[in-house]
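Below is one structure, written out as C-alpha cells; the observations come after it.
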Amino acid sequence: MAKSNVDVLDMEIVNPIIEIIKKYDNFEKEENARYEEYEKIRKSTKREIKKTREYMSQSRQLAAIMFTDIVGYTALMGNDEQKAFAILSKNRDLQKPFIEQFNGKWIKELGDGVMASFNTVSDAVNAAIKIQEACNAAKDFKLRIGIHLGEVVFENDDVFGDGVNIAARIQSIAAPGGIYISESVYNNVSNKES
C-alpha cells in the first residue's frame, strides 16, 4: 500500500522535530552533568575556604600568660553579693590600665579571675608587680597572680593550650598578695634587671 502525501509530509516534518528533541535531551543531560560538576567544585571550594578561615583565625605563638584571682571572693559573694560586685569592678579598673601599660592584652574575665597575655615575660612580670602594688595600697582586696611562658593558640579573641592551663594552676597556689611564676618565666627574667 502506498503512503499518502500527508503521511510522507508528516514524516518530513516529524523527523527534524525528533532530531531537535534528541539534541535538546543530550544538551539537557550535558547541562545537568556540568551543573553537578559545578556544585561539587562549589561545595569543595566552600569547605576549603572554611578550613582556611578557621586556620587563619588560629594563631599559635609563644606568650606570657598571666592569671589573677581575688582571694576569698567566693565566700564574699555568699556573704555580701553587692560588695562582691563592687570589688569585681574595682579589680577590673585596677588591672586594665597596667595590662595596657605593659603592652598586654586583656583576654577575658573568668568569674573573679582575669586572664591576660603579653608578648614578653618582662612585661607580664612588671604588670603583675604594679597590679599587686596598687592592690596592696588600696587594701580593698588581695590578689593571687600566676604567670607562665608557653606556647598557646590564639583563636577569636581567646587563648587555649597547656600554657594557659599551667598559668591557671600556678595562680591557684600563689600566696594571697603574691606572684608565682613558672620555671620558664624565672629563667627568662632571672638574668635581666628591672
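The values are calculated or read from the model by the stated rules, or taken from the named source; none is laboratory data. Treat the numbers as computed from the prediction; the structure is a model and nothing was measured. Cβ atoms come from the backbone with ideal geometry, glycine included; neighbour counts cover every protein chain shown. SASA here: full protein model, heavy atoms, side chains in, ligands and nucleic acids out. Shrake-Rupley method; radii C 1.70, N 1.55, O 1.52, S 1.80 Å.
Looking only at the range 10-20, which residues are open to solvent by 100 Å² or more (accessible area, probe 1.4 Å) and either at pLDDT 75 or above or aromatic (F, W, Y) (or both)?
Residue satisfying the conditions is I20 alone.
Across the range 161-180, which residue is nearest to C135 (Cα to Cα) among those that are crowded, with 20+ Cβ neighbours inside 10 Å, more than 25 Å from the chain's Cα centre (by Cα) and not small (G, A, S)?
Per the criteria, the residue is I179.
Could you please let me know if R169 is closer than 12 Å to I65 by Cα and charged (D, E, K, R)?
yes
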